[in-house]
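The block underneath contains the structure these notes are about, expressed in structure tokens.
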Amino acid sequence: MDYFESDGLRLAYFAEGEGTPIVLAHGFASTHRVNWIATGWSRALMEAGFRVIMPDMRGHGESDKPHDAEDYTLSAMAADLVALLDHLGEPGADLMGYSMGAMVALVAATEWPDRFDRVIAAGVGARLLAADRDPRPVIEALLADDPASVEDAGARMFRVFADQNGQDRAALAACFEAVRAPFPAEGLSRISRPVLVVAGETDSQAGAAGVLAARIPNARGFTVPKRDHMKTVGDRAYKEAVLKFLEG
């Protein structure tokens with residue numbers, strides 16, 4: 001792992017391969033290794049001629065983990081990706097995010113249009129536009145002494161995933177509170193770059209990809225057949241759709 005500074009935080013990243021740079025922003029409670037290396041994504045992209053740049057997002061993996069929700073705004077995490085490009089001397093890059101990382105990617109495309117070329121927002125869909133994104137069940141699950149006491153199945157899934165990855169649960173609770181704030185959907189109409197929105201067919205966390213894509217001027221949606229939020233990540237159809245998009 002290598003490190004860079006952003007907003008007073010020491011953040012970790014791993015880069016490999018040669019060619020066109022692409023930044024990969026992982027999902028909530030994950031890490032670059034779990035989201036992108038273990039799933040075969042980094043290998044597939046390197047074989048397609050990309051330099052793959054994978055940060056551990058703030059609050060995750062080997063990066064600093066503040067415990068204040070104000071440190072986890074989508075704008076702050078988007079700025080981290082720009083700071084990483086600056087650190088590497090890269091004027092621009094393609095960008096792919098999954099779930100939380102996709103929210104960050106869309107905000108980055110809105111606020112930093114000159115730094116990101118093609119954008120893939122995966123693991124998100126119509127639910128991103130909903131107003132009832134209550135963070136409390138997941139926060140309570142993350143902070144519970146005993147995960148067996150968590151009754152909400154979706155919240156328990158996040159808690160188990162966090163424990164599997166050895167995460168700082170207090171940092172994740174603060175992060176989740178911030179990322180479940182109302183998404184700045186008014187900015188989607190200002191995105192000028194090509195965007196691919198991807199969601200699994202049975203992903204109740206994300207909702208329909210096409211509904212979200214319709215809000216972005218130069219976007220299209222892709223639905224991964226028979227996959228939920230967790231199983232979409234490494235799916236072959238997802239990879240094929242992204243590689244075809246990046247060829248265009």
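What follows draws every value from the coordinates through simple rules; no lab data is involved. These numbers come from a predicted model, not from an experiment. As a convention, Cβ positions derive from the backbone with ideal geometry for all residues, glycine included, and neighbour counts pool all protein chains shown.
Please state the Cα pair-distance histogram of segment 1-86 with 10 angstrom bins from zero: what percent is in each bin?
Reading the bins upward from 0: 19, 52, 26, 4.
What is the Cα radius of gyration of segment 137-248 over 2.2 N^0.38 Å, N being its residue count? Intermediate values should be presented prior to the final figure.
On the way: Rg = 16.5 Å, N = 112, 2.2 N^0.38 = 13.2 Å.
After normalising by residue count via 2.2 N^0.38 Å, the value is 1.25.
If a paramagnetic tag sat 7 Å from the Cα of Arg43 along the Cα-Cβ line, which residues of segment 214-248 would have the backbone N under 14 Å from that point?
Under 14 Å, as judged by backbone N against the label point of Arg43, lie 234-236 of segment 214-248.
Work the Kirkwood hydrodynamic radius out for segment 76-146: mean of 1/r over every pair of different alpha-carbon atoms, inverted, in Å.
The answer is 13.7 Å.
Per the helix-only calculation at 222 nm, which mean residue ellipticity applies to the chain, given -39500 (n - 2.57) for every DSSP H run of n ≥ 4 and division by its residues, nearest 500 deg cm²/dmol?
On the way: 8 runs with 82 residues, N = 248.
So the helix-based figure for the chain works out to -10000 deg cm²/dmol.
Quick one: go through segment 59-86 and flag any residue whose amide nitrogen is under 17 Å from the point 7 Å out along the Cα-to-Cβ line of Glu186.
Under cut-off, by backbone N: 74-75.
Given the chain, report the % of alpha carbon pairs whose separation exceeds 34 Å. Walk me through the intermediate numbers first.
Values: 2335 of 30628 pairs.
For the chain, the share of Cα pairs beyond 34 Å comes to 8 percent.
Output the Kirkwood hydrodynamic radius of segment 38-121, Cα pairs only, in Å rounded to one decimal. Could the numbers behind the result be given before it?
Numbers: mean 1/r = 0.0742 Å⁻¹.
Result for segment 38-121, one decimal place: 13.5 Å.
Would you mind computing the Rg to Rh ratio of segment 48-182 from its alpha-carbon coordinates, Kirkwood style for Rh?
Details: Rg = 15.6 Å, Rh = 15.8 Å.
When Rh is taken as the Kirkwood radius, the ratio is 0.99.
Using 19 Å as the cut-off for backbone N distance, which residues of segment 180-196 belong to the label zone defined by a point 7 Å from the Cα of Asp114 along Cα→Cβ?
Answer for this model: 190-194.
For Arg51, list long-range residues whose amide hydrogen, built 1.01 Å from N in the peptide plane, is under 5 Å from its own amide hydrogen.
Amide H to amide H, under 5 Å and 5 or more residues apart or across chains, Arg51 pairs with Gly19, Thr20, Ile22.
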